[in-house]
Amino acid sequence: MIYLVSRSISQGRRAGLISLAGTGVGFVVYMLMANLGLAIVFVAVPWLFMGFKALGVLYLAYLAWQALRPGGRGVFDVREYPSDSSARLFRMGLVTNLLNPKVAIMYLTLIPQFIDPDHGHQTVQGLTLGTIQICVSIVVNALIVIGAGGIAMFLRQRPRWANWQRRATGILLAAVALMLAREVPDRAQI
């Protein structure tokens, strides 16, 4: 979501929505992998999952530092970036989502709880539930992308609010990074 918000703020809603299309394709890839049994790698090789998780913790800690350091910048600070092509925005959204192993874990652990072998083919049920999840996720993220530009403009016109938002966001990002770093999942949790 932070990636999508940053694209929407820096390059406009169109860029955010194109990036969202890329993340949506990433969801489809993970859903297909999970339903075809390929995403089991993250469960079978827990150190791989932990490596991705460690990278995520470091990234959140970096974002928190960026927001909390003296002269730091908040997530909703409007910045000028060179415009990326539609293909690059799409590709970056796809790669960002594919580097999130928790998506694969979600498809492997959450969706199977709602599959009933007595109600038809399990793969079809998994694909159906995954498709519903993807649709809901895309709608929610699209609303976030559309709203991010408005929030950025609101904060740009109110520097005191922007400062408060930057600090609150930095503290929340640091808290999430610490919580994720403290989690030491055993094989049952993965």
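The values are calculated or read from the model by the stated rules, or taken from the named source; none is laboratory data. This structure is a prediction, so every number in the text was calculated from the model and none was measured. We place every Cβ from the backbone using ideal geometry, glycine too, and count neighbours over all the protein chains shown.
Computed values, structure above
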| item | result |
| --- | --- |
| Selected residue (only one of T123, T128 is at pLDDT below 85, of a type in the set (S, T, N, Q) and surrounded by fewer than 17 Cβ atoms within 10 Å (Cβ to Cβ)) | T123 |
| Which numbered condition I115 misses (of (1) among the β-branched types (V, I, T); (2) under 20 Å from M33 (Cα atoms); (3) under 21 Å from the mean Cα position of the chain (by Cα)) | (3) |
| Set V145, V139: member being free of Cβ contacts under 8 Å to residues at least 60 places away in the same chain and assigned to a helix (DSSP H, G or I) | V139 |
| The stretch 139-161, subset of a type in the set (A, V, I, L, M) and crowded, with 19+ Cβ neighbours inside 10 Å, residue nearest to the chain's Cα centre (by Cα) | V145 |
| Of the criteria (1) over 17 Å from Y3 (Cβ atoms); (2) in contact (Cβ under 8 Å) with a residue 40 or more places away in the chain, which one G120 fails | (2) |
| Subset of the stretch 123-133 [in contact (Cβ under 8 Å) with a residue 60 or more places away in the chain and more than 19 Å from T23 (Cα to Cα)] | T123, G126 |
| Within the stretch 164-178, tally of residues that are without any contact (Cβ under 8 Å) to a residue 60 or more places away in the chain and among the polar types (S, T, N, Q) | 0 |
| Considering residues of the stretch 51-66 that are buried (at least 17 other Cβ atoms within 10 Å of the Cβ) and at pLDDT 75 or above only, the residue farthest from the chain's Cα centre (by Cα) | Q66 |
| Residue that is of a type outside the set (D, E, K, R), over 17 Å from the mean Cα position of the chain (by Cα) and either under 25 Å from Q157 (Cβ atoms) or at pLDDT 80 or above (or both), where the choices are S83, S6 | S83 |
| Residue that is crowded, with 19+ Cβ neighbours inside 10 Å and closer than 21 Å to L20 by Cβ, where the choices are V103, V136 | V103 |
